[in-house]
Each structure stands twice: as C-alpha cells, then as structure tokens.
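Encoded as structure tokens, the structure appears first; notes follow it.
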Amino acid sequence: MRYLNATTLILPGAVALLLAGALMRGDETLYLAAIAVGIAEILVVAVREIRVGRWSLDYIAFLAMMLAAFTHEYLAGAVIALMYTGGEALETYASRRALASLSALLARIPKAVLVKSVSGAMESVPLALVSAGATIIVRGGELVPLDGYLTSPRAVLDLANLTGEPLPETAAEGAFVKSGSVNAGEAFELRVSGTLATSTYAKIIDLVKDAERNQAPFVRLSARANLPFTLLTLLISGAAYLLSGDSARVLAVLVIATPCPLIIAAPVAFIGGLSRAAGRNIIVKTPAALEVIARVTTVFFDKTGTLTLGTPRLTGITLLDAHATETRALSLAAALEFHSIHPLAHAVISAAKERHFTPAPAHNVQEIVGTGITGAVDGHYVSLEQAPEEQHREGGISLLLSEDGAPIATLHFNDVLKDDAKKLLADFAESGLRVAVLTGDRKEHAEAIFDGLAIDICADCTPEEKYRIVEEAKGRGETVAMIGDGLNDAPALARADVGIVFSGTENSASIEAADVAILGHDLALIRELFALAKRSVRIAGESVYAGIGLSTIGMLFAAGGSIAPVEGALMQEGIDIAVIVNALRAAFTPRA
C-alpha cells in the first residue's frame, strides 16, 4: 500500500508558520511552532532510517533547533526548520521510490485457467485451485501458468521469458513444459505436474522477493560526509562554549553548521541528473541509483534483447538448386509465410520488405504448427519445413524450401547483435570495468557471437543461475550493475546493486525489479547513463564539500563571537544558494 510521506504535509506547515510569524512582526509562538514542525520531521525521518540500519542522521539540525528553542532564538530555529524540511521535500520529490509490490510479476499469469474434465467438459477454475494431475488448456498467445507435461501432439513455445532466447521451440507430446513460457502456436493441452506455488514462474517471483529482502544498505554521498562534519561541528561548538561560556555562540556555530549543503545540494544535483536522463528516455527511479552507477565495478549483460535485437532475423539463404536465386527463394517463402503468424514468418516478411518486393499470392495454404506450411504459388506446389540437422547453422534455426517436391534453398534464422554492441562491451572493458554476458544460449554459440572481446561469458544460464552469479560477485565486494530486458533477468536485476532494464519489451516484471528503465533498445543510452551518473555525482560532491568548507569558515568566526545566530542563519542561506547554483549544473548538458 502506498503511504503518504510526512514531508508532504510538514514542509507547507513550516513555510506557513515562518511566513505568518514574519507578517505578525516576529510572533515567537509561530516561530516556535515552526521549530516543532522541523523537529517532528527529523524524528519521522530518523525512525524510518534507523529501521533500515542507517544511523548517519541530521544530528546538527536537531541540536540547533533544540538549542534555538531553549535560548529563545526562535527566528533562527524557524529558518533551520524551513531549510531542513525543504531538503527532505527535494529528496522525496527526486526519489518517488518505486517499491516493487511484485504484483507486476503476476500481471501476465491468468487468474483462472480452462480445466478439461475426464468427460471432456471445460471449466474455468481459479489458478490457485488447480491441482497436480489436472489437464489444462493453454490458448495461443497465453503465458503457460503451471508446469506440466504436453498431452497434445505438439506445441510451439516462446521460451524468451525463461531462457532469453527469441527463437521458438517445438515441443512434442510428453515434453515437460515450464510455466512462464508463452504459447506461440495453436492451443494445446497440458497435464499439470504441480501447483502454482511449486511452478517455475513462482520460483522466479520468490527469487525477486529474496533479493529485495537481502539488499545491503547503500551509504549515500551525503551520509558519508555527514558523520565527520558532525564531529567537527561538535568540536568547534564545544570549544566555543568552553572558552566563552556563551550559549549564543554555540547556537551561531550550530546554525551555520546546519548541513544544508548535505540536505539540499546533493538532492538538487541528482534531481538535475534525473531530469536530464528523463529527457534522453532514461527513467532513473531513485537518486541513489545514480550514485551506485558511478561506483560500479562489474557489469553483467543479458544477451537476447539487450545486446541483440531480440527477434529472429533471416540471416542467410543457401541455394540448393543451380537455377534458383535468392530473390526467387525469398519470394516463394514470403508468399507462404504471409498467411502465418509464426515468429519465423515475421522474419521472412520483414526480409522481403527490406528488399522492396511484394510476393506473389499463395493459394490453398495449409499450416501444421511445429511442422511446416504448404501452398500453391504461381502454379507450383511450394513447402517450407524444418531443415535436416546437417543444414542448420550454429545457434539458429533453418527451414527447407521446396518447389514441386524438389529442395531449392535453405533459409537460416538467428538473433543478431545490435550494431554498437561490440563497441560498448569493448569500451566498458577498456575503462577498467569487469564485463560479463549472462545468457541462456549455448556456450559455443555465445562465444562465436562475442569472439575477440575480452569479456566473460556465462552460458546456459537459468534465472536462478543469473541470480547466483550476481550474488557471488557482490559477495566478493564488487559493485554490480545488471543490464537486461526479460522476465528471466528479473531476479538478477533485483539482486544487483543497480538493475538497468530495456523496457521496449513491455515486460512489467523486469521493469519493477530494476532501478533504471531505458525506453527503447538503444545501447548508446547505456553509455550516456554511466557518463551522466558520474557527472552528477561529481557535481554533487563538489557542492557538498564546498558547502562544508564555507560552513567551517563561518563556524570559526561564529565561535569567536563575530556572528550572531540570526546572522549565521542568513550566512548559511548564502552558502546554500552558492552550492545550489553549482548543483544545478547537473541538469544541463556539458559543453563539448
């Protein structure tokens, strides 16, 4: 359930009370109320942070507001309250934290399934009530909801959700079919082997849950700077009191030290980075994700749909007849495939369109899913069926085209790398990052695709194995980014320090599991994301440490009695403006 962040109400309250106090000529009651609002916000944030094991809190702001109330410096305390609640509001706005409820992982599973009784009658039964041994009907285009054994003669399955591979597979009667695969052909019957709780799909969901529960807390840039700055502030304020005995000097030190460069500057820089990323179709869910990306040491890539196009493509035609031509062979194949919805049919039609010709019409077309398609084209009997094993190319699928019973060509299909995939991998490896590809494809095929690149290849990976590989890398102290696009990547995306997903597949499960969603499939945006993250973190760091330096100088003057508490609050506002202006640079494209 979504919760209403306390900042949503606290910031307007602090602003209203401060303005009302000013309009009523310094009404101390209203200023005191503003201080109370600020203290309440600190306590709300403290409880939330301590619950997740983070102790680097805003002690200085808390001490400053408490001391302001105790010494009756209400205006100074109210200004601190405004600055603090403003910083929290900026961070909340920047984050819009997308807590993965995991409902997206179940979105594609049908809530009910057709169960076939012994008498042959069909009944819609809630998925959770289907027991082992039941026979269910999986219609074309549906996701297989339960594991089971195929009882129909054959089925064409899209296993991309489970293995990441785009090429469909034909299963014969008796084959074991895993839930999470998609029926790419006609309806088939499946004898269920287990329940929803024991299904392959449910195991993937459990992996994502486990990853979210066990994610190590990340120490933000502002938190790393907060503790030493707090100790320095307490040292200066303590020395001021011991030397002078004047609590006003202590308050002035605390007011100047209120770490607004930490509270405001870093969020502004990251909001700028998030905004600039969104303008490039890169949706970064939290500011923390930018910080993690800037510190990444290991990048794991999924292959299919991430580094490759993710759909079968016609990659070659082998002519088997001396009188045949590639154009003739493709024309005959396209004439038949125009009548099919098979994934390979789309590849043939796309190839014909790329060559700018329209195939002749086909008549009496008949298709047996998983076997082949036949028909009459220009008075000739034409068939397209799976080619013999010896005619297949490594890692792909081949179809044999025959005319009047005589083989004339073999059409080869495979997934292909995106144009800039090899360059991206090489650039990342040269920059010092450890780069590896996690794929469900066979090792020899994957190695052939990435031949010549100094990267690790982990092949034949299931979703569980991808999860394990990420977990082991984190266990070695590596900061891991996982880049993928499918359901089979969701556990690894959730387990990585930062998960980056290409969302063009509309796979809500992987999008929910990731920290960054890239709209589309352009690999160049990965390079932009990493550069943008490093620049945003650099600018945030400049703003934070410049602000700390200026505040330290101000604290020393305040400790010497040269600056009063209200003057210190105004001075701190000046420092805030300076660091915020610098932080805003993150929102703009740097000059070449």
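What follows draws every value from the coordinates through simple rules; no lab data is involved. Note that the structure is predicted; figures quoted are calculated from it, not measured. Counting neighbours? That spans all protein chains shown, and the Cβs are built from the backbone with ideal geometry, glycine included.
Residues whose amide H lies under 5 Å from that of residue 113, counting only those 5 or more places away or on a different chain, are 125, 127; hydrogens are built 1.01 Å from N in the peptide plane. For the stretch 339-471, relative contact order (Cα pairs under 8 Å, six or more residues apart, normalised by length) works out to 13 percent. For the stretch 313-414, the convex hull drawn through the C-alpha positions has a volume of 92 cubic angstrom per residue.
Ordering of 285-294, 556-565 by packing is 285-294, 556-565, highest average first (other Cβ atoms within 10 Å, averaged per residue).
The H on the amide N of residue 381, modeled in the peptide plane, is under 5 Å from the matching H of 404, each at least 5 residues off or on a different chain. Packing, as the average of other Cβ atoms within 10 Å across residues, places the peptides 520-529, 113-122 in the order 520-529, 113-122, highest first.
Across all C-alpha atoms in the stretch 223-328, the radius of gyration and Dmax reach 29.7, 105 Å. Which residue, 340, 371, 397, has the largest displacement toward the positive end of the dipole of the stretch 313-414 when charges sit on each Cβ (Lys, Arg +1; Asp, Glu -1)? After comparing all options, I get 340. Each principal axis of the Cα atoms in the stretch 380-449 has its own extent, and those three values, largest first, are 59, 21, 14 angstrom.
Protection proxy ranking for 487-499, 173-185, using the average of other Cβ atoms within 10 Å per residue and placing the highest first: 487-499, 173-185. Multiplying the residue separation of residue 406 and residue 465 by 0.36 nm and removing their Cα-Cα distance gives an extension gain of 16.7 nm. Rounded to whole numbers, the Karplus 3J(HN,Hα) couplings from phi for the stretch 400-407 are 9, 9, 10, 10, 6, x, 9, x Hz, using 6.51 cos²θ - 1.76 cosθ + 1.60 with θ = phi - 60°, and x at Gly and Pro. Taking the centroid of alpha carbons for each part, the stretch 373-408 and the stretch 422-445 are 35 Å apart. Local charge for residue 116 was computed over the other residues whose Cβ lies under 14 Å away, with Lys and Arg +1 and Asp and Glu -1, and equals 0.
Our coupling estimate for the stretch 474-482, obtained by passing each phi through the Karplus curve with A = 6.51, B = -1.76, C = 1.60 and θ = phi - 60°, is 5, x, 7, x, 7, 8, 10, 10, 10 Hz, Gly and Pro reported as x. Once backbone amide H atoms are built at 1.01 Å from N, residue 497 has 480 as its partners under 5 Å, excluding neighbours fewer than 5 places away on the same chain.
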